[in-house]
Amino acid sequence: MVAVSRPIGSRRKLPNGYVQIKTIDGWMGEHRYSMERYLWRKLNSSEVVHHIDENRSNNNFHNLQVMTIGDHQSLHRTGKKITVKTRELLSKARKLGWREGRNTGMKGKKHTGESKARMSKNGKGKIISEATRKILSIRAKEDWARRKAKG
């Protein structure tokens with residue numbers, strides 16, 4: 001069977017309930033396309049289009065709202081409880097991400113002089129116990145050895 005290319009402007013409904021529309025650049029979510037047309041600009045990758053009535057196929061711009069990823073997640077998490085196991089898995093994932101240099105927002109960037117001065121000021125006067133210093137030193141050596149082994 002030969003696949004037939006659909007014309008620009010064609011719509012298709014996905015199994016998850018979202019509707020896509022074919023544009024010059026390819027298939028994209030109709031909700032994002034509608035919001036871009038309404039706002040007269042492209043949406044950033046950090047922007048999410050929320051369906052106010054939670055009906056994924058209702059892409060009328062009156063039913064759509066642009067939000068940040070964090071705001072959108074908070075909206076959908078409201079009132080939901082996270083299990084202990086899920087909380088532990090999220091915690092491990094975050095810690096792993098920090099160790100590998102992700103989730104910091106600073107990868108490939110440098111602190112400004114102002115932020116360095118603020119961090120220096122905030123760090124003064126803090127006392128670390130000898131036991132804590134030893135633990136941190138051991139962890140730093142282990143991390144260094146792991147990174148060196150990876151090459």
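Nothing in this text is a laboratory measurement; each read-out follows from the coordinates by a stated rule. What you see is a predicted model, and the numbers here were worked out from it, not measured in a lab. Methodologically, a virtual Cβ is constructed for each residue, glycine included, from the backbone with ideal geometry; neighbour enumeration extends over all protein chains shown.
For the pairs 85/148; 42/116; 92/141, flag any whose C-alpha to C-alpha distance is greater than 23 Å. Checking Cα-Cα distances, 85/148; 42/116 exceed 23 Å. Stretched out straight at 0.36 nm per residue, the stretch from residue 53 to residue 67 would grow longer than its current Cα-Cα span by 3.6 nm. Here residue 87 and residue 148 are evaluated by their C-beta separation; at R0 = 35 Å the FRET efficiency comes out at 0.60.
Straight Cα distances below 15 angstrom link residue 13 to the aspartates and glutamates 30, with same-chain residues fewer than 8 positions distant left out. Stretching the chain fully between residue 16 and residue 75 yields a gain of 19.3 nm (0.36 nm per residue, less the alpha carbon separation). Peptides 139-146, 51-58 ranked from most to least packed give 51-58, 139-146, packing being the mean of other C-beta atoms within 10 angstrom over each peptide's residues. Under the simplified labelling scheme, the residue 139-residue 42 pair shows an inter-label distance of 4.1 nm, with each label point 7 Å from Cα along Cα→Cβ.
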